[in-house]
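What follows is one structure encoded as structure tokens, with my remarks underneath.
Bear in mind these aren't lab numbers, they're just calculated from the coordinates by the rules spelled out. Keep in mind that this is a model prediction, so the values were computed, not measured. Cβ atoms come from the backbone with ideal geometry, glycine included; neighbour counts cover every protein chain shown.
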Amino acid sequence: MRFLPMLAVAFALGLAFPGGRARGEEEPAAALLARVAPAVVSVHGTLEQRWSGDGSAQEKEVAFDGVGAVVDPGGIVLLRNATVGGSSPEIEAWRKQNDIESYSATPTSLVVLFGNDPTEHAAAVLAQDSRLDLAFLQLLGGRDKPFAYVDLTKGAAPRVGQELLGVRRSGRGFDFAPIVETLYVSSRVEKPRALWALRGDFEAAGLPVFARDGAPVGVVAELQAPADSATGDDRPDEARFAVPLDAVLKSLEAARKKVPEVLAKAAEAKAAAPKPAPAAPAPGPAPEGEPKPPEGTR
Amino acid sequence: VRPRLLPGGLAAALVLCAAARADAPSWGDHLARLAPAVVPVRGVIKIHAVLGEQSMDVEKEGGTLGVVFDASGLVLVSNTRTGGPGSPLVKAFVRRIPGLQVTTEITSARVLVGEAHEEREAALVVRDTTLDLAWVQVLDAATRPVPALDLATPGEVVVGRTLFAVARMGQGFDHAPAVVRLRATGRVEKPRPLWTVAGDLDVQDLGAVVFDERARPVGVLVTQEGVGEDEDAMPEMVLLPLDAVRKSLEAARPLAAKAR
């Protein structure tokens, strides 16, 4: 009988699960950083942008830098759709200001870097989900061990007001050092779809965010309200959200189905590739005064 | 016998503490309780700008955050967010273009009440340009009261301690209620008693009521200019203490009664 009060004490102090972190128990930010950072990667490439308006058509190649997270041991990388050419609030604002009728952007080269290792790993776009502003890449080429990854199936739903953590990478100038930042859930939105509105320091769209116990709770996205909700204000409503994990996982499942096709295409392209030729001169800048789309976003 | 009581007593105390912590209202609870008095306000503003011999008229629809301060339908909005000509932000822009004169008029206003965002006709009653506040009256509130904020127990501001404001998302996100965390960073006495604040704040949060950790109101987010500031200095977002807001409310009441 004396055991019962001690058990109560143990529960009250959160000591009832020795040997492992219990759900709800805090993971220090530094520990989360160390655990998650290997799965947070830098993404680099070139986008071929084409646009037309006022009867003229233009095209341009731009380099882009982005950040993503490996979410599958087979090498699937999750990132912001706008990074690999999907539309974004910035692009839409630019189109509106310059009367651009059509716009497309296609990645023509894509590499992924792990940490500060300069080895470039070729990748290909697997799927793009413009509704959630998320995209999935497939790392091409084998690896002798599985990729470090964030397991989105072991997540939890956040609560309004809950403090969260996110891990991103600094730029090349700071050797892609991993950084942990805080944010919090500001609101639960039901329309146009279930989302968690976010505020705070962490702004890296396309990356997962974590509860204080280390469980992933969603993926950051900068989303605009649908056009039909126009209010007469200067710009449509736009905010930073955590896309709930069930929606991300559905999107990931759809992307997984395309892996064999993308890998086969990449293998074909590699087999058919001619020997490297001297590099063509870089395309010149668009003439002064002509509209240019916003360049690659992180 | 006494020492033997210790483990059991300690256990009970700890269990009670843990239970009390679990029962403490969550941010979600605070939001659910406070959000009905935090209302979207929509309206049309007519802007008349004159520069030398040139003039321009623009009519623009927009929205802002309102807080029902009184069940009689008196709603607080930001003077800056409703285009108040005397607002520090507008004054700062006018100062940058010498000779520019701007006048504004709210030509229609609606307060969106309840979960269904029922549109209720409203009218601008008075602007308090010094405090960057404006008061809007829901016209039929005498017969159909509006859920109002409970001001009976004011809260306490302690520098460094967490505060929160209740805001709303935009129309495109169905005006979902939102919690905005901030903290007081200092106390200012001039030009008037104010709290400086830090947090991930947005200009759209102007007019939001701020609460302490126990969800008691402590003030309103406004913009203020410092005394004798450089011409290029922009006004700062600060926390106007609740007692100043209350005085403004009392001054607005007789005018609101006329509008009803």
Between B:72, B:139, B:51, whose Cα lies farthest towards the positive end of the dipole of the stretch B:35-143 when Lys and Arg beta carbons carry +1 and Asp and Glu beta carbons carry -1, centred on the Cα centre? B:51
For chain B, what is the relative contact order in percent, using Cα pairs closer than 8 Å and at least 6 residues apart in sequence? 19
GNM flexibility winner over chain B from B:106, B:97, B:45 (Cα, springs under 10 Å): B:97
Taking a crude spin-label model, label points 7 Å out from Cα along the C-beta direction, the residue A:119 to residue A:93 distance in nm is 4.0
Partner lysines for residue A:265 [C-alpha distance under 19 Å; skip if fewer than 8 residues away on the same chain]: A:257, A:275
Amide H to amide H, which residues 5 or more places from residue B:210 or on other chains are under 5 Å from it, using H placed in the peptide plane? B:218, B:219, B:220, B:221
Pairs of lysines 8 or more apart, or on different chains, with alpha carbons under 20 Å: count those in chain B, would you? 6
Determine which lysines satisfy two conditions relative to residue A:250: a Cα distance under 22 Å, and not lying fewer than 8 residues away in the same chain. A:154, A:191, A:258
In the stretch B:201-245, what is the volume of the convex hull around the alpha carbon atoms, normalised per residue and reported in Å³? 82
At 30 Å minimum axial length over the Cα atoms and a Kyte-Doolittle cut of -0.5, report the qualifying DSSP H helices in chain B, or say none. B:2-23
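When only C-alpha pairs under 8 Å and at least 6 residues apart count, what is the relative contact order of the stretch B:130-229, in percent? Write down the numbers at each step before the final one.
On the way: 150 pairs, mean separation 28.2, N = 100.
Taking the mean separation of contacting Cα pairs over the length of the stretch B:130-229, I get 28 percent.
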Say we join alpha carbon atoms closer than 10 Å with springs in a Gaussian network model of chain B; which of B:114, B:172, B:28 then has the biggest fluctuation? B:172
What spacing in nm lies between the two simple spin-label points modelled at residue A:238 and residue A:31, each 7 Å away from Cα in the Cβ direction? 3.9
When chain B is treated as a Gaussian network with springs between alpha carbons less than 10 Å apart, the largest mean-square fluctuation among B:186, B:52, B:86 is found at B:52
Would you please classify the overall shape of the stretch B:145-234 from the alpha carbon gyration tensor, given that a ≥ b ≥ c denote the square roots of the eigenvalues, rounded means a/c under 1.5, and beyond that prolate means a/b larger than b/c while oblate covers the rest? oblate
FRET efficiency, 1/(1 + (r/R0)^6) with R0 30 Å, evaluated for residue A:170 and residue A:106 via beta carbons: 0.60
How much of the pair distance distribution for chain B lies past 22 Å, counting alpha-carbon pairs only, in percent? 59
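For chain B, what does the helix formula give at 222 nm: sum of -39500 (n - 2.57) over DSSP H segments with n ≥ 4, over the residue count, nearest 500 deg cm²/dmol? Don't skip to the end; give the middle numbers.
Working: 4 runs with 57 residues, N = 260.
After summing the helix terms and dividing by residue count, I get -7000 deg cm²/dmol.
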What list of ³J(HN,Hα) values in whole Hz, one per residue of the stretch A:29-42 in order, does the Karplus curve 6.51 cos²θ - 1.76 cosθ + 1.60 (θ = phi - 60°) give from phi, with Gly and Pro shown as x? 4, 5, 5, 4, 4, 5, 6, 8, 3, x, 8, 9, 10, 9
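Work out the FRET efficiency for residue B:119 and residue A:273 from their Cβ-Cβ distance, taking R0 = 51 Å, and round it to the nearest 0.05. Spell out each step's value before the answer.
Numbers: r = 63 Å, r/R0 = 1.23.
That pair, residue B:119 with residue A:273, gives E of 0.25.
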Applying the gyration tensor rule to the Cα atoms of the stretch B:58-212 (axes a ≥ b ≥ c; rounded if a/c under 1.5, else prolate if a/b exceeds b/c, else oblate), the class is oblate
Interchain or sequence-distant (5+) residues whose placed amide H lies within less than 5 Å of the amide H of residue A:214 are A:27
